[in-house]
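The values are calculated or read from the model by the stated rules, or taken from the named source; none is laboratory data. This one's a predicted model, so the numbers in the text were calculated from it and none came from an experiment. Glycine also receives a Cβ, built like all others from the backbone with ideal geometry; neighbour counts cover every protein chain displayed. We work out accessible area using only protein heavy atoms, side chains counted, and drop any ligands, DNA or RNA first. Shrake-Rupley method; radii C 1.70, N 1.55, O 1.52, S 1.80 Å.
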Amino acid sequence: MLRLRELLALAVMITLPLPGLAETFEFTGKATSEDGRGLYSEKHQLEGECREGLFHPKTDRVRYLQEGNEFARKTLSYDQSPLLPSVDFRQPRFEESLAISYPRAGRTRIQWQAPSGEEKTWTIDTPEDLVVDAGFDNLVRENWARLKAGNDVRFRFLAPTRGDHYGFVLEPDDHPDINADLEVTIRPTGMLLGFLVDPIGLGYDRKGALTDYVGLTNIRKNSDENYRAHIRYNVTRWPECELTR
């Protein structure tokens, strides 16, 4: 017969939520220029967990390759939020690095070493609707039903090398270079920024995996400008749960 202490311990174990099951989501991307020339490839290893049948990202390790050789690397950690990853990005060939972190509630810290060698640091506010880096991918999945119904999503997007964030909208759209189950565009809402920043086109398959990215990338063409590219993605390993609902 169980003792009282053992019964209490068993009751606590029954009422505690079960931890999520660790899963890995892997995919690759091939970037081409507007004239179809191969630029580079990406390899993503996204570790996460399945909770209630839905995949939750934890850490994404990204390798950037040219002719099989790694030339840049990025690590995204989603401890803060699926929309607010901390970022560690390095492009050694340009001696460039970028780190984004959250030192305390409501604050975002950016540390950027530019190709010129200049180092800049900002600590700015973190609005509730802020999205950082690849957090846009999770923003799409979190608003899947809304976007499929034809509605848009407004948010603030971090421009780390400017040390600020700006208003953007994510909206369903038909992109001439994308053929996907869901096609959306990210564009700035401000008139002035709209003249300076080209929209980004995104495509997703029916499971919620990114298939296409068309627009400005974070990979440098030279010390003054980044590549514009069409990146086509392919899943090489699916998690044992859904990406979206």
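Give the residues of segment 37-69 that are more than 15 Å from ASN218 (Cα to Cα), in contact with a Lys or Arg (Cβ under 7 Å, 6 or more places away or on another chain) and not small (Gly, Ala, Ser), sorted by residue number.
Hits for segment 37-69 are GLN45, GLU47, GLU49, LEU54.
Across segment 154-166, what is the number of residues that are closer than 15 Å to VAL197 by Cβ and either in a strand (DSSP E or B) or touching a helix residue (DSSP H, G or I) at 6+ places or on another chain (Cβ under 9 Å) (or both)?
8
Do the conditions hold for ARG162, that is, is it within 17 Å of PRO82 (Cβ to Cβ) and either over 15 Å from the mean Cα position of the chain (by Cα) or open to solvent by less than 70 Å² (accessible area, probe 1.4 Å) (or both)?
Taking the combined requirement at face value, the residue does not satisfy it.
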